[in-house]
Structure formats: C-alpha cells, structure tokens
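Enquirer: Next up is a structure, given as structure tokens.
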Amino acid sequence: MAVVFGALLAGQGTASAACDALAGKELYNCLANKLDKTSVYTAYRSPEAQAALQKAASQLRVATNKAQALSAISQARSVVAGIMRRIGSAGQEGSDLAKVTGVLAYAARLIQQKG
C-alpha cells in the first residue's frame, strides 16, 4: 500500500501530467479528482486529513476563479499542517502526510500558474 500511496502522491504520474495541460475550471476539476484519490490513502492515517482533502476537492469543483481555488487548497494545507504538528509532538512519524502537503503544494503551484 505504501508503494501505491507514494506513486499516487509523487506528482510525476499520468494524472499529474493530465492536470499540467489544463487551465481554469478544467484544471480545478482535475485537481479535485487528484485530491479525492489522495484522500482515500490518508483515511488509515488521519480521518481529519481525509475530510480536509475531500472538502478541498468539493470546493475546487465549485470554484469559479483562481482566488476560490487557492482558498480551498490553503484551507486543506492548514488542516494537514496542524495534524502534522500534533503527530510530531506525539513523537510519531508523519512522512505520509508530508507527501499530502506535496500534493497540495503542487495543486497551489498549478493554480497560481494556470488558474
């Protein structure tokens, strides 16, 4: 499962390339699909992170402009960062969630560039 999770989040696969070629509403929908897939793999680690990713995906699907799309990503990043702080302070390893922050950073970059 870790291999599948890592491959999905790497940002180098076919889904990423497909999102790279899009802009505007099509980009938001592509990124929303990526976040939905990512949320499936966060469920075992953090239901709270899963919910944040699903909410961001939903917000991306209804976003009509770059500001709304970036806001959705920003909110999810904030939740995941908070979870990572809690995990770190409890002495647990959070590399899986660090990969999620990479996906969110990728989404934010694309929206800023092509939004």
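Enquirer: Are any residues in the stretch 61-77 over 11 Å from the mean Cα position of the chain (by Cα) and either open to solvent by less than 80 Å² (accessible area, probe 1.4 Å) or within 16 Å of residue 39 (Cα to Cα) (or both), and if so, which ones?
Expert: Quick first cut of the stretch 61-77, residues over 11 Å from the mean Cα position of the chain (by Cα) only: 61-71.
Within the stretch 61-77, 61, 63, 65, 67, 69, 70, 71 qualify.
Enquirer: Next question, about the same structure. Considering only residues that are at pLDDT below 95 and of a type in the set (D, E, K, R), which ones fall in the stretch 43-62?
Expert: Residues satisfying the conditions are 45, 48.
Enquirer: Under 7 Å between Cβ atoms, which residue pairs at least 6 apart in sequence (or on different chains) link something in the stretch 33-52 that is assigned to a loop (DSSP other than H, G, I, E, B) with a partner that is not basic (Lys, Arg)?
Expert: Short answer, once both residue conditions are applied: 43/50; 45/96; 45/97; 46/83; 46/97.
Enquirer: Then there's this: Going residue by residue through the stretch 78-98, is there one that turns out to be part of a helix (DSSP H, G or I), closer than 14 Å to residue 115 by Cβ and either modelled with pLDDT of 95 or more or open to solvent by less than 40 Å² (accessible area, probe 1.4 Å) (or both)? Spell out the reasoning first.
Expert: Taking the stretch 78-98 and keeping what is part of a helix (DSSP H, G or I), we get 78-89, 95-98.
The next check asks that each one be closer than 14 Å to residue 115 by Cβ; those that pass are none.
Looking for residues that are part of a helix (DSSP H, G or I), closer than 14 Å to residue 115 by Cβ and either modelled with pLDDT of 95 or more or open to solvent by less than 40 Å² (accessible area, probe 1.4 Å) (or both), one finds none in the stretch 78-98, hence no.
The values are calculated or read from the model by the stated rules, or taken from the named source; none is laboratory data. Small disclaimer: the values here were computed from a predicted structure and weren't measured. Here Cβ is always computed from backbone atoms with ideal geometry, including for glycine, and neighbour counts include all displayed protein chains. All accessible areas refer to the heavy atoms of the entire protein, side chains included, with ligands and DNA or RNA removed. Shrake-Rupley method; radii C 1.70, N 1.55, O 1.52, S 1.80 Å.
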